[in-house]
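**Q** Here's a structure for you.
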Amino acid sequence: MSADLPEYYFRVRENGAFVFRVDTENRQRRIEMDQIAVVNIKNGEIKPHGNRELSEKDLAEIGAWMEERAGILAYRDIDDILRAVDHLNHTTHWAQSRASDEQLEEVTDTLLLAMHDLRSVLARKKAERLMKR
């Protein structure tokens, strides 16, 4: 099992991760994880843990993870938006075919305001993009 373990482990947190070096080469043959750094995806900061100095290999592995993680998060953002479009379509169908008057009364104003806000932002951003061309 130990041969299959990665050399680094990234404990994901909201803005990045805690970085651990994985060690299985010890007397007890236990898995030990030694924290070596904290990374922040938003600002690209890599902070060594404690008085530790990070090697070039450490920095390269952390940099590669940060790049991959940024791609994953960007993909998830778009996927979340596309799921929201699906939810809007389901909501439209629900409102048209199954919703009672009481249910519609409960959600209509909130939905209309949210959709108006979204439409305003999308229209403004589209106009800005067109003006740049």
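The values are calculated or read from the model by the stated rules, or taken from the named source; none is laboratory data. All values derive from a computational prediction rather than experimental measurement. A quick note on method: Cβ atoms are made from the backbone with ideal geometry, for glycine too, and the neighbour counts reach across all protein chains shown.
**Q** When you scan segment 96-104, do you find a residue that is touching a Phe, Trp or Tyr at 6+ places or on another chain (Cβ under 8 Å), more than 15 Å from residue 16 (Cβ to Cβ) and surrounded by 10 or more Cβ atoms within 10 Å (Cβ to Cβ), even just one?
**A** Step one: of segment 96-104, the residues touching a Phe, Trp or Tyr at 6+ places or on another chain (Cβ under 8 Å) are none.
Looking for residues that are touching a Phe, Trp or Tyr at 6+ places or on another chain (Cβ under 8 Å), more than 15 Å from residue 16 (Cβ to Cβ) and surrounded by 10 or more Cβ atoms within 10 Å (Cβ to Cβ), one finds none in segment 96-104, hence no.
**Q** Specify which of the listed residues (36, 41) is surrounded by 13 or more Cβ atoms within 10 Å (Cβ to Cβ), of a type in the set (A, V, I, L, M) and in contact with a Pro (Cβ under 8 Å, 6 or more places away or on another chain). Talk me through it step by step, then tell me what you get.
**A** Working: 41 fails: in contact with a Pro (Cβ under 8 Å, 6 or more places away or on another chain).
Just one listed residue meets the conditions, 36.
**Q** Taking into account only those residues within segment 1-44 that are over 16 Å from residue 68 (Cβ atoms) and of a type in the set (Val, Ile, Thr), which is modelled with the lowest pLDDT?
**A** 24
**Q** Okay, next question. Residue 21 is checked against (1) in a helix (DSSP H, G or I); (2) under 25 Å from residue 4 (Cβ atoms); (3) charged (D, E, K, R); (4) free of Cβ contacts under 8 Å to residues at least 40 places away in the same chain and fails just one. What number does that condition carry?
**A** It is condition (1) that residue 21 fails.
**Q** Evaluate segment 47-57: report whether one residue or more is within 19 Å of residue 21 (Cα to Cα), in contact with a strand residue (DSSP E or B) (Cβ under 9 Å, 6 or more places away or on another chain) and in a helix (DSSP H, G or I).
**A** no
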